[in-house]
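The values are calculated or read from the model by the stated rules, or taken from the named source; none is laboratory data. Every value quoted in this text rests on a predicted model; they were computed, and no experiment measured them. Virtual Cβ from ideal backbone geometry, glycine too; neighbours counted across all protein chains shown. SASA here: full protein model, heavy atoms, side chains in, ligands and nucleic acids out. Shrake-Rupley method; radii C 1.70, N 1.55, O 1.52, S 1.80 Å.
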Amino acid sequence: MNAVEIVRFAVRGLAANKMRSALTTLGILIGVAAVILLVAVGEGSSQSIQRNIQQLGANTLTVSSSTGGGGGGGGGFRMAQPQEDTGPRTQAKPLTVDDARALADKAAAPHVASVSPVVSANSQAASYEGASHSIQQVVGTYPSYFEASNKPVAKGAYFFNDDVLAARKVIVIGQTVAENLFGALDPVGKQITVTGVPFTVVGVLKEAGSTGGFQDADDLAIAPLPSVQQSLTGFGPLNQILVKAGSADDVAAAQAEITSVLDQRHGVGGTVAADYQILNQATLQETVSAATSTFTVLLAAVAAISLLVGGIGITNIMLVTVTERTREIGIRKAIGAPRGAILGQFLVEATLLSLIGGLLGVAIAVAGAQFTIAGITPVVVPSSVVLALGVSVAIGLFFGSYPANRAAKLRPIEALRFE
Amino acid sequence: MSLVLDVRDATKVYGAGETAVHALRGVSLQVEPGDYVAIMGASGSGKSTLMNIIGCLDVPSAGEFHLDGVDVGALDDRRQAVVRNRKIGFVFQSFNLIPRMSAVMNVELPLAYGGVRPAERRRRALAALDLVGLADRVNHQPNELSGGQQQRVAIARALVNSPTLLLADEPTGALDSTSTLDVLGIFDRLSAAGRTIVVITHEADVAEHAKRVVRLRDGRIIEDTRLAPVDGLPPRLKEVTA
């Protein structure tokens, strides 16, 4: 009695009850596919978030006001930083263009490469010849913003320092805005109105892609700082200051310089808590990846439960099979089947069920990962495939061993008497 | 000459205490090679228990049982399986073929468990089916065969390993008279060819074919009659071959 023989008996046993075998396989199939697919979705969302953080610009630090003056918006993600000191604050100063100028001072902050003050206005109605679109975010800033925030132009050009000084009504729009207002037309050179104020489109930003379904990174427009202040936001405080460090190694030094300059200007120190916060891409990235990995683990845990349920399904069906075939087991034993052969047959039957289910599950998961799920492109993690397959086989062996043992331990005389 | 079967003072008790059932109360039975023994008795006489012990499906509560010189009770599970495979060919009242397997595959099964190579297995299985006159039914499944044919497949399966002992439990109990004659004819011819056969039955007709008839009652042997010599031919061979 060799292994091939045992496998042949097992296949014959499974084929005898095709419907039942198929349904049991389905249980494992769903479990394995769920594990792989959900881990892939988690990984996909994690990668897309990482990519979006990188899109915000490398080596950049975002300074924003921690008082109410900052308003909503911001370049993307905001992270609440714990207030370490809750001491009395006599007067919280908003961020101003003067703060930005001070940060650009090479003597005080040698590691800072560029400084871009930012004001933003949310949900601004824009129109072009009857077409209208509500721009999610209109940003008023300096030309250095494009480089610091990693927003290259696909068509046309940026605006220049001259435009800022002259407060010209020029604007660079994102892909979503261009599509909604112009469709197939070339927007460059056309005039749009933003809340009634005419702006000339000078460029269209390169498509950034979705930020994982939370926010459309292409639904924005960028114009010179004074133009936006004049027409949309008023000359209030800045929403944020985007600072670009000279290189990745300079980020920490730049952060220290920004802190010292702003502490001095805002009178922070002693019992006075800082009225601004500095967002560092590196720390943001760490926090977000920690959050997404928790998310992935959670998804995988849910999927693992369905795999477990599939395994219990195997035990159940194998117990039924063993009971149903008690007489057959008795006959086999009476004509000299050793215990190992019976154990092997039922164990192989259970393992085949789970292995076939596992392989089909992998196939379906890989096929399903080709589609976008909830705005996320799943990324199949090879280790999850190996793990899910391994676990499904282990489940077959583990959950099949109880019924198989029961079959093998049956005494032939009792098994033969069984009706 | 070594005995095929040597049961010494075997007892079998089911249950314990006041509800204990004494199925066998000290049975001794010796069977020589080539003998054809019919064990007779009414229901409850202990003949099924005796057959289970002889067939290595059960062990006696007390007493000894040697099959072909081997003390079966002392063997472990694995070796008992080997003994059942090599030394005993079982024929059951209800045929006990495995459903959804063709006749030839049913016959091959003991060889498969015995580790015989597939080609050799097929050859021997076909030869055994030919011996019981079913050469034209090899690929039929049990549910496509009549009762008599099923029992002949079962006999082929029992013979395919050339066992020391062919053990039949009411082999004709579920058959009509024609099929009964077929089966008894096969047994008689096998006996004439020198096979050792033990048949458990409660039908006198069947027992008359044997060379020796042993009667059981209440777990004891009450009669042991020899109808023909051990090395002779079975008494009714002429009738069934006529």
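Using 1/(1 + (r/R0)^6) with R0 = 35 angstrom and r between the beta carbons of B:K238 and B:R100, what's the FRET efficiency to the nearest 0.05? Plugging the Cβ-Cβ distance into 1/(1 + (r/R0)^6) gives 0.30. In this Cβ point-charge picture (+1 for Lys and Arg, -1 for Asp and Glu), chain A has a dipole of about 2180 debye about its Cα centre.
Per the accessible-area calculation with a 1.4 Å probe, the total area buried between chain B and chain A rounds to 2200 Å².
Applying 1/(1 + (r/R0)^6) with R0 = 51 Å to the Cβ-Cβ distance of B:A20 and A:V386 gives a FRET efficiency near 0.30. Approximating the spin labels as points 7 Å out from Cα along Cα→Cβ, the B:R78-to-A:A107 distance works out to 9.3 nm. Ranking A:T372, A:A92, B:T196 by how far each Cα lies toward the positive end of the dipole of the protein assembly as shown (charges on Cβ) leaves B:T196 at the top. Within segment A:138-165, name every residue whose backbone N is under 16 Å away from a label modeled 7 Å from Cα of A:T200 along the Cβ vector. Those under the cut-off are A:156-165.
Pairs of Cα atoms nearer than 8 Å and 6+ residues apart set the relative contact order; for chain A it is 30 percent.
In order along segment B:15-29, the Karplus-derived 3J(HN,Hα) couplings, from 6.51 cos²θ - 1.76 cosθ + 1.60 at θ = phi - 60°, round to x, 8, x, 6, 8, 4, 10, 8, 6, 10, 10, x, 10, 10, 8 Hz, and Gly and Pro are given as x. So what's the gap between the Cα centers of segment A:349-408 and segment B:172-241, to the nearest angstrom? Answer, in whole Å: 58. Would you mind telling me the share, in percent, of accessible area of the protein assembly as shown contributed by carbon and sulfur at probe 1.4 angstrom? Whole-percent figure for carbon plus sulfur exposure: 56. Each of B:E208 and A:V153 was given a label point 7 Å from its Cα along the Cα-to-Cβ line. The distance between the two points is 11.8 nm.
The mean sequence separation of alpha-carbon pairs under 8 Å and at least six residues apart, normalised by the residue count of segment A:121-232, gives a relative contact order of 37 percent.
For B:H22, B:H209, give the ranking by accessible area with the largest first, probe 1.4 Å. The partial results should precede the final answer.
Details: B:H22 90, B:H209 5 Å².
Ranked from most to least accessible, the order is B:H22, B:H209.
The HN-Hα couplings worked out from phi for segment B:186-203 by the Karplus form 6.51 cos²θ - 1.76 cosθ + 1.60 (θ = phi - 60°) are 4, 4, 4, 5, 4, 5, 4, 7, x, 6, 8, 10, 10, 10, 9, 7, 10, 9 Hz, whole numbers, x standing for Gly and Pro.
Remark: the protein assembly as shown carries 44 Å² of accessible area per residue (probe radius 1.4 Å; ligands, DNA and RNA excluded). Calculated mean residue ellipticity at 222 nm for chain A: -17000 deg cm²/dmol, from DSSP H runs with n ≥ 4 weighted as -39500 (n - 2.57), summed, divided by the residue count and rounded to 500. Projecting the Cα atoms of B:A125, B:G17, B:V83 onto the charge dipole of chain B, computed from C-beta unit charges around the Cα centre, puts B:A125 farthest toward the positive end.
Karplus-derived 3J(HN,Hα) values for segment A:192-205, using 6.51 cos²θ - 1.76 cosθ + 1.60 with θ = phi - 60°, are 10, 10, 10, 6, x, 9, x, 10, 9, 6, 10, x, 10, 6 Hz; glycine and proline are entered as x.
Legend: helices of chain A (whole DSSP H runs) are marked when their alpha-carbon atoms reach 30 angstrom or more along the helix axis and their mean Kyte-Doolittle hydropathy is at least 0.5; marked are A:18-55, A:281-324, A:339-368, A:382-409. Partners of A:K151 within straight-line reach, counting lysines whose Cα lies under 23 Å from its Cα and excluding those fewer than 8 residues away in the same chain: A:K169, A:K190, A:K206, A:K244.
Once both labels are positioned 7 Å from their Cα atoms along Cα-to-Cβ, the gap between A:L319 and B:R123 label points is 4.8 nm. Split chain A at each of the chymotrypsin sites (Phe, Trp or Tyr not before Pro) in a DSSP loop with at most 11 other beta carbon atoms within 10 Å, and the longest piece is A:1-234. Most simply put, the protein assembly as shown has about 70% antiparallel DSSP beta bridges, counting only bridges with both residues inside it.
Each part reduced to its alpha carbon centroid, segment B:84-149 and segment A:265-305 end up 73 Å apart.
Could you grab the relative contact order for chain B? Cα pairs under 8 Å, six or more apart, rounded to a whole percent. Rounded, it is 27 percent for chain B. Computed from the C-beta positions of B:T225 and B:A62, the FRET efficiency with R₀ = 25 Å rounds to 0.40. Among the GluC sites (Glu not before Pro) found in segment B:155-228, those both in a DSSP coil and sparsely packed, with 16 or fewer other Cβ atoms within 10 Å of their Cβ, are B:E203, B:E208.
Mean residue ellipticity at 222 nm, helices only, chain B: -10000 deg cm²/dmol; runs of at least 4 DSSP H residues each add -39,500 (n - 2.57), and the sum is divided by the number of residues. Evaluated with a Cβ-only charge set (Lys, Arg +1; Asp, Glu -1), chain B carries a dipole of roughly 620 debye about its Cα centre, given to the nearest 20.
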